[in-house]
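The values are calculated or read from the model by the stated rules, or taken from the named source; none is laboratory data. Not measured: the values here are computed from a predicted model. Positions of Cβ are backbone-derived with ideal geometry, glycine not excepted, and every protein chain shown enters the neighbour counts.
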Amino acid sequence: MSALLEMQGIDTGHDRLQVLWKTDLRVDEGEAVVLLGANGAGKTTLLRTLVGLHPLWGGSIHFAGEDIARLPSARRIRAGIAYMSELGVFPDLSIADNLALGGYFLSAAERRTQRRQMFERFPDLARRPRAAARSLSGGQRKMLGVAKALMGRPRLLVMDEPSAGLSPKFVNEVIDILRHAGGDGLAMLIAEQNVRFLDLADRGVVLDGGRVAAEGPVAALKQDDAVRRAYFGML
Ligand code: ATP
């Protein structure tokens, strides 16, 4: 497997408060990696640094062999990274407009093709394309967030807590959607506190106090005592 994303020795923080300390993170082509960590561990900061929404103090970021550490966000998106924040969609915009934004860099013809595909894949979104995103249920809104992220045909889908605010039923739905997307060879990096997401991951990385505390194949992580205590409620 070759590395699609390689973040090495990442240092950053907020004002003078350092949050990430020499953090390394790698995602291979087509691989699904779940980033676990308690509140405040630095997951959001790491993802935002990756997509260029947060300044990098030190370290390197390579994507598909290219040094992207100094590129503006728009260039990183164009290079094939899609980012879904915790909110995921613009609630006041329509479903169709949210999708159009996700396909901002496509030609008009490509955008139409992609939108048709998204409507086929997520029929709930096709029913009332002019309705505001806020009129959707929590689960449908996440669905729209994923569809919006997929519009630009990314190679890596980066997601911050897709389970946030969702009932267990909708969490299952989102996991199914992502498993399907992963089946198409899309690589994923998902920050989550909900361990159910490990079911769709090839590998887990545990962040603690801005440092990588454990990482490995999911089956091995589940045997790690510290990880079991912190995330599986068992000794
Ligand atoms: P959560 O699951 O709560 O989002 P997280 O693992 O994503 O947690 P971050 O949001 O990256 O963690 O936060 C890491 C640290 O940075 C925390 O100590 C947090 O208080 C601090 N922090 C986050 N955002 C800011 C900010 N805008 N200004 C100052 N400090 C911040």
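Quick notes on this one:
- Filter pass, Gly13 being within 24 Å of Pro162 (Cα to Cα), more than 15 Å from the chain's Cα centre (by Cα), within 16 Å of the ligand (Cβ to nearest atom) and not in a loop (DSSP other than H, G, I, E, B): yes
- Within the range 36-84, being near the ligand (Cβ under 9 Å from one of its atoms), modelled with pLDDT under 95 and of a type in the set (A, V, I, L, M) holds for Ala38, Ala41.
- When Ala226, Ala191, Ala220, Ala201 are checked against the criterion of being crowded, with 22+ Cβ neighbours inside 10 Å and farther than 17 Å from Thr44 by Cβ, Ala201 stands alone in meeting it.
- Contact map, the range 1-17: residues that are farther than 16 Å from Gly58 by Cβ paired with residues that are within 16 Å of the ligand (Cβ to nearest atom), Cβ distance under 8 Å, separation 6+ or inter-chain. Pairs shown: Leu5/Leu25; Leu5/Leu50; Leu5/Leu189.
- Any hit, the range 132-141, residues being away from the ligand (no atom under 16 Å from the Cβ), in contact with a Ser or Thr (Cβ under 9 Å, 6 or more places away or on another chain), in contact (Cβ under 8 Å) with a residue 40 or more places away in the chain and over 27 Å from Gly13 (Cβ atoms): yes
- Some residue of the range 135-148 being assigned to a strand (DSSP E or B) and either crowded, with 16+ Cβ neighbours inside 10 Å or touching a strand residue (DSSP E or B) at 6+ places or on another chain (Cβ under 8 Å) (or both): no
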